[in-house]
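Right, one structure below, let's go through it.
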Amino acid sequence: MPPREIIGHKKQLLQLQQDIAADNVSHAYLLAGMPHLGKTAVARWFAEELLTQGQTADEKKATLHRMDQLIHPDFLSLDQLWMAEVCEDWDVIARSSNIPQQHRAKAELKTDAISIDDIRGIQNRLQETGETQRRICFIRGIERMQPPAASAFLKILEEPPEGRIFLMTTDALSTVFSTIQSRSRVLRFDRVGDRDIQTLLKDQTEEDTSFILHLSQGAPGIALQLMEDPDKLREEKILHTQAVAFWATSALLERMKFLIPLHERGAESDRFLFHLSLALREVPSYKREHEQALMDLIAGLKTNAQRQLITQNFAVQSAI
């Protein structure tokens, strides 16, 4: 059975279980859906099922331990990438990736893009001697592949070595090369129902449960983050309160003050935009033109136009 951290996705889990039972395991699976749905957890569970098939309880325990430590020779993982000035801590990287990345440090790469050298690192690991007939390679965020990397990876998928299985995830299926999609078994993941996510929140207060469900929007990963990090939950509550207050006030100066976080690009700006969208639906005097004004704001902030001017125009146009 799947571990407790997998919430929902019964249809996808059943299909993967049936693939194992029918000895119909594909050489490549592409798990697609919005962020934080649990795609990585499902891929990891499937890898565990494949590598522990036929093992005794003690053997399975030992295998799972080595997979957790990323030291099992038949489980490869490319997840967190080394990036100059962003993520240079090898201990952090080693918690989710065991594909060599020294080439990234040498080149002082600063992007999250998967390069052709990363694919070569996978190829080298695939050629090493393993313990079982299967060797599984997990790649998170396949959409991060640069064209040269995608071309090199495609050659592997076209003629996969026997027993090699690729488990890939993507948050943006439309951006994944169609040639990679066509050579993979695509599993689409949808938002999870509140009833399933509520099983994670049984120790939360009624108020916190309601807020977390509202904020997670069907993504169990977000619910877990908020449940396990009280400081983050508090920060999100503050942002949401400010977003609600923006829509509730008609004082132009006050509205402009609430929009100050949007003046600079970054995570804080993105989070406040998200809360503005959520809070709009809670406004009793909601009007469709307000939604259009918000969409225009989001589109404008993606350009190189002056952000402060864009937010000022939005404050005026969206007045209730």
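What ranking of 195, 44 emerges when the number of other C-beta atoms within 10 Å of each C-beta is taken as an exposure proxy, fewest first? Don't skip to the answer; put the middle values down first.
Values: 195 9, 44 21.
If I rank by nearby Cβ atoms, fewest first, I get 195, 44.
Output the relative contact order of region 10-188, whole-number percent, from Cα pairs under 8 angstrom with separation of 6+ residues. Kindly include the intermediate steps, with their values, before the conclusion.
Values: 255 pairs, mean separation 59.9, N = 179.
Computed value for region 10-188: 33 percent relative contact order.
Give me the Kirkwood hydrodynamic radius of region 1-83, using the inverse of the mean 1/r over all pairs of distinct Cα atoms, in Å to one decimal. If you can, show how the numbers build up before the last one.
Values: mean 1/r = 0.0712 Å⁻¹.
So the Kirkwood estimate lands at 14.1 Å.
Given C-alpha coordinates of region 126-176, what is the ratio Rg to Rh with the Kirkwood estimate of Rh?
1.00
Enter the Cα centre distance for the pair region 114-138 and region 271-320, rounded to the nearest angstrom.
Result: 46 Å between the Cα centres.
Dividing the Cα convex hull volume of the chain by residue count, how many Å³ per residue is that? Intermediate values should be presented prior to the final figure.
Details: hull volume 52.3 nm³, N = 320.
Expressed per residue, the convex hull around the Cα atoms of the chain is 163 Å³.
Using Cα atoms only, what is the angle between the long axis of helix 307-317 and the major principal axis of the chain, expressed in degrees (0 to 90) to the nearest 10?
60 degrees
Between residue 214 and residue 91, what length in nm is gained on full extension when 0.36 nm per residue of separation is reduced by their alpha carbon distance? If you can, show how the numbers build up before the last one.
Working: separation 123, 0.36 × 123 = 44.28 nm, distance 3.45 nm.
My answer for the length gained is 40.8 nm.
Return 23, 118 ranked ascending by Cβ neighbour count within 10 Å, so the fewest neighbours appear first.
Details: 23 6, 118 27.
Fewest-to-most Cβ neighbours within 10 Å comes out as 23, 118.
Amide H to amide H, which residues 5 or more places from residue 77 or on other chains are under 5 Å from it, using H placed in the peptide plane?
Those lying under 5 Å, H to H, from residue 77 are 98, 99, 138.
Can you give the extra length, in nm with one decimal, that the chain gains between residue 292 and residue 71 once fully stretched, where that is 0.36 nm per residue apart less the Cα-Cα distance?
Length gained, residue 292 through residue 71: 74.4 nm.
Evaluate the relative contact order of the chain (contact order divided by residue number), counting alpha-carbon pairs under 8 angstrom at least 6 apart; express in whole percent. If you can, show how the numbers build up before the last one.
Details: 410 pairs, mean separation 60.9, N = 320.
That works out to 19 percent.
Show me, bin by bin at 10 Å from 0, the whole-percent P(r) of region 10-188 based on Cα pairs.
Per 10 Å bin, starting at zero, the Cα-Cα P(r) for region 10-188 comes out as 9, 38, 39, 12, 1 percent.
If you rank 34, 67, 145 by fewest surrounding Cβ atoms within 10 Å, what's the result?
Details: 34 15, 67 19, 145 26.
With the sparsest Cβ surroundings first, the list reads 34, 67, 145.
Express in whole angstrom the spacing between the alpha-carbon centres of region 45-76 and region 157-189.
23 Å
For residue 271 and residue 178 in the same chain, what is the full-extension length gain: residue separation times 0.36 nm, less their Cα-Cα distance, in nm? Let's see the in-between values first.
On the way: separation 93, 0.36 × 93 = 33.48 nm, distance 3.12 nm.
Fully extending the segment from residue 271 to residue 178 adds 30.4 nm.
Jot down the per residue volume, in cubic angstrom and as a whole number, of the convex hull over the alpha-carbon atoms of region 104-191. Intermediate results must be reported in sequence, preceding the final value.
Values: hull volume 10.8 nm³, N = 88.
Residue-normalised Cα hull volume stands at 123 Å³.
When you have a sec, figure out the Kirkwood radius of region 157-199 from all distinct Cα pair distances and drop it here in Å to one decimal?
Computed over Cα pairs of region 157-199, the Kirkwood hydrodynamic radius comes out at 13.0 Å.
Write down the Kirkwood hydrodynamic radius of region 184-320, to one decimal in angstroms, obtained as one divided by the mean of 1/r over all alpha carbon pairs. Write down the numbers at each step before the final one.
Numbers: mean 1/r = 0.0613 Å⁻¹.
16.3 Å is the Kirkwood radius here.
Which entries in the list 11/155; 10/39; 232/257 go over 20 Å, if you measure between the two C-alpha atoms of each? Could you put the intermediate results ahead of the total?
Working: 11/155 31 Å; 10/39 12 Å; 232/257 23 Å.
From 11/155; 10/39; 232/257, over 20 Å: 11/155; 232/257.
Since every read-out is calculated from the coordinates, none of them should be taken as a lab result. Keep in mind that what you see is a predicted model, and the values were worked out from it rather than measured. Don't worry about glycine lacking a Cβ; one is built from the backbone with ideal geometry, like all the others, and counts go over all protein chains shown.
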